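Single-structure report; data block below.
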Amino acid sequence: MPGETGATSDPGPTSDGPAGAPAKVRVTVAQLTVSDDPAANRATAEGAFREAARLRADLLVLPEYASAYDPRGVGAEHAEPLDGPYVSMLRRRAAETGVAVIAGTALPAGKGRAANALVVVDGGGSLAGVYRKVHLYDAFGTRESDRLEPGPADAEPVVLRLGDLTFGVLTCYDLRFPESARRVVDAGADVLVYPAAWMAGPLKADHWHTLLRARAIENTAIVLGVGMAGKSVTGRSLLVGPDGVVGLELEDGPEIRTVDLDPGGVVTARRTNPSLDNRRYTVVPR
């Protein structure tokens, strides 16, 4: 994505560019294979942290359900509290490396169910936010609501400021609901991050690609979709600039790549295409 994200798989030291120019934010995209073995998943995530730290990334993004995943369904048996082994490991590694992290997990919820959640940890190891997935995946023959409890639609959007960019988080099926993205952009997000375990199937990879580009174009935002790799999921992590141009697209296997995001691209896109200022409607949760 020339001029907007500076996407490259193995960048050198981050350059601030000309005096006064906004600094790029370095992000490591970890398209991981996740099993139902929590210890193995923690080890895999720690490997991603090592790679992010080696390349001096500011942020590491892991997939949805990165703590434990079963393609037949994730539920209470996969849930861990926020002070459990997985989130504790994320916080420890973030504090040790200075790399912030966004990662999917499952949290205990009421009535024997779980909450599909994203945790956001800053580079000091503090828990900066928790997003509980609002739109459960009751589609394409699957019913997440049988096992999971949805997050409140009126919860404050979860955002994280890194350098000159604000990152907002949503999860997987939320991608099909453009009003969710607009609400996070209204909270200040320049980058929309979608960790996912996007199910494989007819046209599913095409939908993933198309919807990520649409969310970028309509919000003049950088969009980063980080998919899970594996037999039943799509992978295909994607980085899209605010003009809809794809800067990075992975295949379906496990892969870790690091990219630089340029805040100047968002500023330019929003100046050239002021659609956010021109709109006539607001988003109200129900």
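The values are calculated or read from the model by the stated rules, or taken from the named source; none is laboratory data. Bear in mind that the values here come from a model prediction, so they are computed numbers and not experimental data. With ideal geometry, Cβ positions are generated from the backbone for all residues, glycine too; neighbour counts draw on all protein chains shown. Surface areas here come from the heavy atoms of the whole protein model, side chains and all, with no ligands, DNA or RNA. Shrake-Rupley method; radii C 1.70, N 1.55, O 1.52, S 1.80 Å.
Counting only heavy atoms of the protein chains, get the accessible area per residue of the chain (1.4 Å probe) and round it to a whole Å² value.
42 Å²
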Return the distance in nm (one decimal) between the two label points of a simple spin-label model at residue 278 and residue 210, each offset 7 Å from Cα along Cα→Cβ.
2.4 nm
Relative contact order (%) - the range 146-281, alpha-carbon pairs under 8 angstrom, separation at least six:
17 percent
State, to one decimal in nm, how far the label point of residue 268 lies from the label point of residue 35, with both points 7 Å from Cα in the Cβ direction.
4.6 nm
Counting every C-alpha pair in the range 102-187, the percent lying more than 15 Å apart is 60 percent
Expressed as a percent, the accessible surface of the chain that is carbon or sulfur, using a 1.4 Å probe and the full set of protein chains, is 50 percent
What relative contact order, as a whole-number percentage, does the chain give when Cα pairs under 8 Å and 6 or more residues apart are counted?
23 percent
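Just how large is the dipole of the chain about the Cα centre, in debye to the nearest 20, putting +1 at every Lys and Arg Cβ and -1 at every Asp and Glu Cβ?
340 debye
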Kirkwood hydrodynamic radius (Cα pairs, Å) of the range 33-84?
12.1 Å
When the chain is fully extended, how far beyond the present Cα-Cα distance does residue 156 get from residue 255, taking 0.36 nm per residue of separation?
32.4 nm
Of (1) 64, 20, 14; (2) 32, 21, 20; (3) 27, 22, 18, which is the value of semi-axes √(5λ) of the Cα gyration tensor in Å derived from the coordinates here?
(3)
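Counting DSSP beta bridges in the chain, what percent are antiparallel, to the nearest 5? Write down the numbers at each step before the final one.
Details: 33 of 50 bridges.
Among the beta bridges of the chain, antiparallel pairing accounts for roughly 65 percent.
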Please give, to one decimal in nm, the separation of the simple spin-label points placed at residue 92 and residue 138, each 7 Å out from Cα toward the Cβ.
3.9 nm
For the range 20-107, which chymotrypsin sites (Phe, Trp or Tyr not before Pro) are in a loop by DSSP, counting at most 13 other Cβ atoms within 10 Å?
none
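Loop-only check: which trypsin sites (Lys or Arg not before Pro) in the range 161-245 are DSSP coil with at most 13 other Cβ within 10 angstrom?
Sites meeting the loop and neighbour criteria: 231.
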How about residue 231: which lysines have a C-alpha closer than 21 Å to its C-alpha, ignoring those fewer than 8 places off in the same chain?
204
